[in-house]
Each structure stands twice: as structure tokens, then as C-alpha cells.
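Q: Please see the structure below; I have some questions.
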Amino acid sequence: MPSPPLLLSALHRRRSLASPADGPTTAYRLLDGDGDGWPGVEIDSYGGHWIVQTRDLPFPDSLRDLPPELCRSLWWKRLDQQDKQAPQCLAGSPPPGPFPVRELGLSYEIDLAAGYSQGLFLDQRPQRDRLRQRLLPGQRLLNLFAYTGAFSVAAAAQGAIATSVDLSRPYLDWARRNFTLNGFDPDAHFFCRGDSFAWLRRFAKTGRTWDAIVLDPPTFSRNADGALFRLEHDLPELIALCLRVLAPGGWLLASTNHRGLSPARFRSLVEQGAPPGRLRSLAPGTMPPDFTDAPYLKSLWLET
Ligand SMILES: C[S@@+](CC[C@H](N)C(=O)[O-])C[C@H]1O[C@@H](n2cnc3c(N)ncnc32)[C@H](O)[C@@H]1O
């Protein structure tokens, strides 16, 4: 049974996340299954609070009594459950409520008990970083399926103006708090509650355009009217709608964590949505170095 020595070497391999330039990144994947020699087990650290994720495995006994200097609190999330419950705290001192973590010089609010997801998708760190490198002050970013607005906050850090669209009012409120946490005025940005399709059609009708778009939808969802969104079915239409509101020369990041979709199929769905000749190029994104297991995230940077 793998044990703390394996954990210590996984931690050691992630030392570079403490980059001196913009301060340490305190939310990262500490151990990634096969990639770190422990199949079926993943550990994410949020400021020293660890979430152990397992699929079809019990909680590993060797993780039960970790020293407090290694791990402030220990949580368990089962990835094999149908009903997607919040992680449960098994040991240590849980944070009294939401708390900030740092990533590449920015802060994001984490809530370990909020639900199945904790507020920040750690696997998108390279895309948030790249987005910051690409945006110029004053440019406009449309962030669809924005969740807690992590891409929007990264855009604001460059002086860009973000429009965040999400079905959920609580997530948009969380996004506003993420702006405030970084000293950015949320009122200088836009938050649109509702269905991404409906907003895109409305934007197209009124002639609004953006310099850049982030499109990172879930695999499935149901909107307020009960309509089902299925990535594999709806992605081409989403891409087509996005291209209608993208300013000439603008770019789009399309991304999915759908493990059942091959990179080739994802690319083909993206291409299906683009009118002939509209795309100049499509370049793949990357996964962070702390995600050492087989890559599953598919990202494409579309240039027009
Ligand atoms: C996987 S998360 C997106 C992650 C986000 N792109 C990020 O990087 O943080 C899915 C989000 O899509 C939102 N959502 C689901 N269906 C939607 C729809 N039809 N229109 C707008 N938002 C939707 C959910 O409320 C949730 O916040």
C-alpha cells in the first residue's frame, strides 16, 4: 500500500509551484493517480487542506493519520457516486468557511463544503495564464459557463473587461467576490445570469462583439426551462454562435474535460461549427505539470 514516503516525493516534485515571481501557488494537484505511482487516488491541496479523490476504492488507510504540519484538514470525495455529493471532512481542523487560495499572483475563494466542486478548476491553470498573456488592457472578454469567474478574474488582472455568463446566481455572486478579493471592482465588469445559448443569440441580435471568448461548458446540463445541453450534440452550434459575436481578428478558447471525447472528435466538433475560411488556426492548450496522470482536458485556441 503506498504511503507517506510516496506522498512526500509527490510533494517534492511540485516545489516549483512556489514560484518566487508572483508568490506561491497554493492550490494544486498534489498527487495524480498513476502519474505519481498510486492508481485510483488523486489528492488536491487547497492551502494545505487536502481533498482525497477516489474512484471505486475505499479511503486509503495509510492517509488516515497524517501529521498536521503536512495537512491541515483531510477530506474525501468519491468520484464514483451518481449524486455528486460534497467531500466529507475526515480529520484535522477544517476551515471555518470559505477561504482564499493563491494562483499565479491572484486569489480565488475556495469552499470545501459548498458542493461537489470547490470553486476553482485547478486543471485550467495554464489556460488562465495564457489568457492573461494574450489579453490587452481595455479588451473585452466573454466568459461563457463562467462558474466562479476564474477566467474573468484573470482577464481583469490584465485590465480587460469581462462579461461572465452563467445559469447560477450563487456562482455569479461567488465570481463577484473573486473580483473583490483581488481588489478589482466587480461593477466595472458584467454578469449575465441565464442560459449561454440565449445570451449569445441576444448579443448577436444587438450586434455586441468581444475580442476574446472562453467557452468551457460542462458535458451535460439542464437549463432553467429543463432543456438538456449535451456537449457532443451542442458544441458546433455553440461555436457558430460564438463566432457571430467575436470581433474581427478575435480569438476563442474552447475547452472540455469530457473524458469520453477524443481530442480528434473534439476538434472535429469545433470545426463543424465554424463557417468555411473563418478559422485561421487551432492550437492545443496544455494541462498543468502537477497533473501527471494521462491528460484528459482538451483545449483549443482558435484564431480568426
Ligand atoms: C464546468 S463549470 C465551468 C467551469 C468554468 N469554465 C471555469 O473554468 O471555472 C460549468 C458551469 O456551467 C454553468 N452552466 C451549465 N449549463 C449552463 C447553461 N446552459 N448556460 C450557462 N451556464 C451554464 C454551471 O452553472 C456551472 O457554473
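Q: Provide a single number: the residues in the stretch 266-281 that are open to solvent by 30 Å² or more (accessible area, probe 1.4 Å) and under 21 Å from the mean Cα position of the chain (by Cα).
A: Matching residues across the stretch 266-281 total 1.
Q: Would you mind telling me which numbered condition in (1) in contact (Cβ under 8 Å) with a residue 60 or more places away in the chain; (2) part of a loop (DSSP other than H, G, I, E, B) S117 fails?
A: (1)
Q: State which residue is nearest to R140 (Cα to Cα) when the search covers only the stretch 235-250 and only residues that are crowded, with 20+ Cβ neighbours inside 10 Å and not aliphatic (A, V, I, L, M).
A: That would be G250.
Q: As an exercise: evaluate N223 against (1) within 12 Å of the ligand (Cβ to nearest atom); (2) under 24 Å from R267 (Cα atoms) and give the number of the one condition it does not meet.
A: The number of the failed condition is (2).
Q: In the stretch 129-138, is there at least one residue being acidic (D, E), closer than 27 Å to A224 by Cα and either within 15 Å of the ligand (Cβ to nearest atom) or touching a Cys at 6+ places or on another chain (Cβ under 8 Å) (or both)?
A: no
Q: Out of the residues in the stretch 112-121 that are open to solvent by less than 10 Å² (accessible area, probe 1.4 Å) and more than 10 Å from the ligand (Cβ to nearest atom), which is nearest to A254 (Cα to Cα)?
A: Q118
Q: Turning to a different aspect of this structure: Looking at (1) part of a strand (DSSP E or B); (2) modelled with pLDDT of 95 or more; (3) out of contact with any Lys or Arg (no Cβ under 7 Å at 6 or more places or on another chain), which is the only condition S221 fails?
A: Against the list (1) part of a strand (DSSP E or B); (2) modelled with pLDDT of 95 or more; (3) out of contact with any Lys or Arg (no Cβ under 7 Å at 6 or more places or on another chain), S221 comes up short only on (2).
Q: Given L238, L269, which one is within 10 Å of the ligand (Cβ to nearest atom) and assigned to a helix (DSSP H, G or I)?
A: Exactly one residue qualifies, and that residue is L238.
Q: Right, something else. How about the stretch 132-149: which of its residues are in contact with a strand residue (DSSP E or B) (Cβ under 8 Å, 6 or more places away or on another chain) and either basic (K, R) or not in a loop (DSSP other than H, G, I, E, B) (or both)?
A: Scanning the stretch 132-149 gives R134, R140, L141, L142, N143, L144.
Q: Could you please find all residues in the stretch 241-258 being under 16 Å from K205 (Cα atoms) and either of a type in the set (D, E, K, R) or in a strand (DSSP E or B) (or both)?
A: Listed by number, the residues that qualify are R244, L246, A247.
Q: May I pose another question? Picking from L30, L70, L17, which residue would you name as being open to solvent by 20 Å² or more (accessible area, probe 1.4 Å) and under 25 Å from A294 (Cα atoms)?
A: That would be L17, the only listed residue that is open to solvent by 20 Å² or more (accessible area, probe 1.4 Å) and under 25 Å from A294 (Cα atoms).
Q: Against the condition more than 14 Å from N178 (Cβ to Cβ) and buried (at least 24 other Cβ atoms within 10 Å of the Cβ), how does L131 come out, does it pass?
A: When the stated conditions are applied, L131 passes them.
The values are calculated or read from the model by the stated rules, or taken from the named source; none is laboratory data. Treat the numbers as computed from the prediction; the structure is a model and nothing was measured. Because the Cβ atoms are built from the backbone with ideal geometry, glycine has one as well, and the counts that use them run over all protein chains shown. To get the accessible areas, we keep the full protein, side chains included, count just its heavy atoms, and leave off ligands, DNA and RNA. Shrake-Rupley method; radii C 1.70, N 1.55, O 1.52, S 1.80 Å.
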